[in-house]
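> Sharing a structure here in structure tokens format.
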Ligand code: 6GU
């Protein structure tokens, strides 16, 4: 997979890709991530990327020209499956959206700022609009990093134990069951005995029950 991220703040976005699972995915050649600074696509000498909105009102709007130049250049180099615009009025990210994106070959992610981008960018280029929840961030960069993390860890070969993505919370609309590691007893608190029993069919059944119980208690909406 190749991901091209268009942003006015590349420095805000780079560090998540320099540690842990995302770093390893890049090193293994399973994903390429390229950052494009929108200011490199401006035409005026002030490297201006935003302007006042037509009709008046507070807040700047990201201009169409630098964004179109950047996206058009990328599209001339290869085919893209999707151009994703990060925006609080997009579809809320969930595991099903992440699963779908993990199957794509080439993606562009455009990070919004200020009051957002000129609507014509969305009409002309954008194929998916994604939010990461009902709250407002200063820009789409952190949201883009969240999308990349959720998607990249699903690419086959990225996680060491391939089954571990399959048993994630949400992967089957259930929350994950409680987990324990050594020591078996800590300050009088004991690990459930079943987990020490070695009876794997029984352990599996216990985990399923726990997952269901937890989901009923915390997220009954997932079971509807
Ligand atoms: Cl994608 N962008 C911004 N600016 N705020 C958000 C968001 C995105 N998702 C949730 N809040």
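> What list do you get for 124, 63 if you sort them by fewest beta carbons within 10 Å?
124, 63
> Something else about it: Provide, for q = 0.14, 0.16, 0.19, 0.31 Å⁻¹, the log10 of I(q)/I(0) from a solvent-free Debye sum over equal Cα point scatterers in the range 167-223.
Result of the Debye calculation: -0.44, -0.56, -0.74, -1.18.
> Moving on to the next point. So how far, in whole Å, is the C-alpha centre of the range 97-143 from the one of the range 161-180?
27
> Angle, helix 64-77 long axis vs. longest principal axis of the chain, Cα atoms, 0 to 90°, nearest 10?
On a 0 to 90 degree scale, this one is about 70.
> Tell me the mean residue ellipticity at 222 nm calculated for the chain from its helices only (DSSP H runs of n ≥ 4, each -39500 (n - 2.57), averaged over every residue, nearest 500). Mind showing how you got there, number by number?
On the way: 8 runs with 76 residues, N = 224.
Per the formula, -10000 deg cm²/dmol.
> Using alpha carbons only, how many degrees (0 to 90, rounded to 10) separate the axis of helix 200-218 from the longest principal axis of the chain?
Between the helix axis and the principal axis of the chain, the angle is about 50 degrees.
> At a 10 Å Cβ-Cβ cut-off, how would you order 70, 148, fewest neighbours first?
Sorted ascending by nearby Cβ count, the order is 70, 148.
> For the range 43-200, would you read off the P(r) tail past 24 Å as a percentage of all alpha carbon pairs? Could you put the intermediate results ahead of the total?
Values: 6304 of 12403 pairs.
Summing the P(r) of the range 43-200 above 24 Å gives 51 percent of all pairs.
> Just to be sure I understand: of the beta bridges DSSP finds with both ends in the chain, what percent are antiparallel, rounded to 5?
Values: 6 of 28 bridges.
Here the antiparallel bridges make up roughly 20 percent for the chain.
> Something else: Sort 78, 122 so that the residue with the fewest other Cβ atoms within 10 Å of its own Cβ comes first and the one with the most comes last.
Taking fewest neighbouring Cβ atoms as first place, the list is 78, 122.
> Quote the relative contact order of the chain in percent (integer), defining contacts as alpha-carbon pairs under 8 Å separated by 6+ residues.
For the chain, the relative contact order is 20 percent.
> Under 1.5 on a/c is rounded, so check that first for the range 46-121, then, if it is not, pick prolate when a/b is larger than b/c and oblate when it is not; a ≥ b ≥ c are the square roots of the alpha carbon gyration tensor eigenvalues.
oblate
> While we're on this one: What does the range 3-133 give for Rg and for Dmax, in Å, if only its C-alpha atoms count?
15.3, 50
> Once you have the Cα-Cα distance between residue 75 and residue 28, take 0.36 nm times their residue separation minus that, and quote the gain in nm to one decimal.
Stretched out fully, the residue 75 to residue 28 stretch lengthens by 14.4 nm.
> What angle do you read, to the nearest 10 degrees and between 0 and 90, between the alpha-carbon axis of helix 141-152 and the longest principal axis of the chain?
Approximately 50 degrees, to the nearest 10.
> Take residue 52 and residue 166, extend 7 Å from each Cα along the Cα→Cβ direction, and tell me the distance between the two endpoints in nm.
Distance between the two pseudo-spin positions: 6.0 nm.
Any read-out appearing in this document is the output of simple, stated calculations on the displayed coordinates, not a laboratory observation. Please read all numbers here as calculations on a predicted model, not as lab measurements. Heads up, the Cβs are rebuilt from the backbone with ideal geometry, glycines too, and the neighbour counts pull from every protein chain shown.
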